[in-house]
1. At the nearest 100 Å², what buried accessible area, both sides summed, do you get for B and A when the probe is 1.4 Å?
2. Across peptide A:380-393, what mean number of C-beta atoms from other chains lies inside 10 Å of a residue's C-beta?
3. Report the rotationally averaged projected area of the stretch A:143-182 based on its alpha-carbon convex hull, in square nanometres.
4. Show me, for the stretch A:380-386, the HN-Hα J-couplings you get by feeding each phi into the Karplus relation (A = 6.51, B = -1.76, C = 1.60, θ = phi - 60°), rounded to Hz, glycine and proline as x.
5. Residue by residue through the stretch B:108-116, which ³J(HN,Hα) values in whole Hz follow from phi under the Karplus form 6.51 cos²θ - 1.76 cosθ + 1.60 (θ = phi - 60°), with glycine and proline marked x?
6. Rounded to the nearest 500 deg cm²/dmol, what is the calculated helix-only ellipticity per residue at 222 nm for the protein assembly as shown, with -39500 (n - 2.57) per DSSP H run of length n ≥ 4?
7. Which Cα, out of A:Cys292, A:Thr184, A:Leu149, lies furthest along the positive dipole direction of the stretch A:119-331 (beta carbon charges, K/R +1, D/E -1)?
8. Based on the Cα atoms of chain A, what semi-axes does the equivalent ellipsoid have, where each is the square root of 5 times one gyration tensor eigenvalue, given in whole Å with the largest first?
Amino acid sequence: MFKAVKTQLSYVKRALSNICIVGAGPAGFYAAQHLAKKVQETQIDIIEKLPVPFGLVRYGVAPDHPEVKNVINTFTKTAQLPNVNFYGNIELGKDVSLQELRQFYNIVLLTYGADKNRSLNIPGEHLTNVIPARQIVGWYNGLPENKNLKINLDVETAAIIGQGNVAVDVARILLTPIEELQKTDITHFSLERISQSKLKKVYLIGRRGPLQAAYTIKELREMLKLKDCVTVWRTKDFDNIGNDIIEKLPRPKKRIAELMLKSVKEQENLEQAKVFSPVFFRSPVNILGENCVNQLELAVNVLKGEDISSQASSMTEEKELIDCELVISSIGYKSHSVDLSLPFDDKKGIIQNTKGKVDVGLYTSGWLGTGPVGVILTTMSNAFGVAENIIEDIPKDNLFNTEKPGFSGLNAILKEKNIQIVDWTGWEKIDKYEIAQGEKTGKPREKVVDIKVMLEIAFS
Amino acid sequence: MALNVLRQTVKVKNLLFKTISFRYASGVQPLGQPELNKKEIDITFVKANGSRIKTKGKIGDSLLDVVVNNNIDLEGFGACEGTLTCSTCHLIFPKEIFDILPSKASDEELDMLDLAYELSDTSRLGCQIILTENLDGLEVTVPATINDARS
């Protein structure tokens with residue numbers, strides 16, 4: 001009884017303190033969820049560069065993995081809490097500075113992710129049809145900045161450099177039968193291009209061995225089961241992986257090693273099928289071609305070190321050339337700094353932090369703070385952890401002792417700059433519109449890829 | 001347990017006497033109907049901080065259903081809503097219960113468990129555990145979702 005009265009009061013009372021979360025992806029939403037639950041009398045505003053929420057859940061998760069996107073239901077519940085607001089179309093570092101934001105809010109939590117890709121830094125990277133995986137993901141997922149991507153799929157062979165789950169996602173989308181992709185929320189323009197693709201073979205190239213590959217077992221199993229596609233391994237890559245080694249591996253590594261070995265044993269090369277071909281112990285050294293790429297030069301690597309998980313690759317003099325007319329680099333994402341005052345680690349591509357804390361009242365979580373690794377569970381766990389640290393710091397660092405204007409302060413400067421703010425109602429209009437557009441062609445959704453159009457719909 | 005046997009028997013009978021199934025219509029009907037589904041068993045979730053949450057679950061429901069239907073406060077639990085694409089409903093069972101769980105983990109479930117924190121030999125995903133009568137009094141451990149903020 002007493003509890004109920006207390007909760008009611010907290011809503012009646014004006015929010016005294018203000019928290020701003022920058023970036024409406026999984027880290028931002030999970031942190032908001034935890035803070036909203038545990039911190040009383042506080043307004044939580046999530047601001048986002050794009051007019052639409054959900055970050056990599058919308059723009060990173062592959063279109064044929066709709067189940068993974070179910071987290072959107074939880075995020076939506078968080079956004080609809082009385083003390084949580086979403087404000088889209090506001091870019092930190094451009095529309096508002098970090099200093100201004102810290103003046104308006106008691107606490108600022110940066111969760112704007114890792115939106116840049118690492119480059120290969122080898123000759124030939126500028127050639128036509130050498131494309132970062134991130135741009136291809138953005139292209140098929142409808143990220144506005146990638147809608148006009150130039151990619152030539154009138155080719156037979158592609159080489160993906162890198163063996164993480166993003167690399168496997170791109171391989172799978174390029175090799176999946178078109179009738180499967182048609183049922184997803186993949187953008188109509190990429191679907192059309194992929195439907196005309198002549199691609200027969202996709203290499204997945206890693207510098208270390210099968211036991212060090214970064215892809216997870218679910219993604220590998222999907223490739224092995226992919227319709228009209230066979231996985232072809234180089235048997236030699238598995239020469240040193242005997243039962244004695246496998247038995248000593250921790251369960252996750254052991255299971256994926258066993259799955260690979262089983263596939264190596266059973267592999268057959270079917271003439272008519274498309275081919276997915278993981279290649280190990282190779283580092284790219286040169287991309288060759290006149291204007292367009294036509295060959296990739298690889299150095300042969302050996303592994304050094306005792307411990308299997310931390311063995312490092314070392315290049316030998318030996319080289320290998322493979323023919324390919326499309327090269328996709330997928331060697332990781334990195335973040336960028338939005339403000340010179342941030343202690344940004346250029347090498348790691350993250351903001352330096354201690355358990356999420358950057359400075360008094362300033363925090364970071366998700367890939368911006370940890371680097372671009374892990375699945376949604378990893379980000380969720382990190383976001384809850386950083387939120388918990390913030391809660392501990394509130395009394396310790398007197399974070400709520402000063403009264404700050406919160407959104408009214410931010411809104412004033414955005415008004416001056418004529419920035420249109422998309423709130424949750426605006427997003428709901430875009431959401432409804434996309435679902436209706438998708439229905440016309442039997443898709444769950446057809447994403448709006450033009451920011452101008454998003455704004456038109458949101459303010460209609 | 002008895003209920004399961006009964007269900008199976010009826011299923012078999014249905015197959016055997018398909019042509020005269022109308023005879024069994026009255027006998028089949030109550031199965032899957034609210035009357036029998038009302039049967040509930042006791043379940044206790046033990047959180048990482050030691051706190052215990054006692055609740056009830058309907059036979060035939062999954063442990064994820066139990067958490068959702070009873071609004072059990074387990075933050076982040078069941079993120080993918082039971083579609084086997086995450087491991088946020090990871091639970092650790094006592095060995096003797098783990099051994100008698102109605103189904104063994106599929107490859108797909110194990111694939112997801114492999115990404116879970118604090119993976120143990122008696123780990124399962126809650127969304128894959130369907131309650132049966134012999135699980136009455138079940139005590140299951142919920143691993144912490146908040147890990148070191150650095151990773």
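1. Using a 1.4 Å probe on protein heavy atoms, the buried area is about 2600 Å².
2. 4
3. The Cα convex hull of the stretch A:143-182, projected and averaged over all directions, gives 3.9 nm².
4. Each residue of the stretch A:380-386 in turn: 4, 4, 5, 5, 4, x, 5 Hz.
5. Listing the rounded values in order: 5, 5, 4, 4, 6, 4, 4, 9, 7 Hz.
6. -9500 deg cm²/dmol
7. Going by the charge dipole, the pick is A:Thr184.
8. Output for chain A: semi-axes of 42, 26, 21 Å.
The values are calculated or read from the model by the stated rules, or taken from the named source; none is laboratory data. Computed from a predicted structure; not experimentally measured. Here the Cβ is made from the backbone with ideal geometry for all residues, glycine too, and neighbour counts use every protein chain on show. Accessible surface is based on the protein model in full, side chains and every heavy atom, while ligands, DNA and RNA are left aside. Shrake-Rupley method; radii C 1.70, N 1.55, O 1.52, S 1.80 Å.
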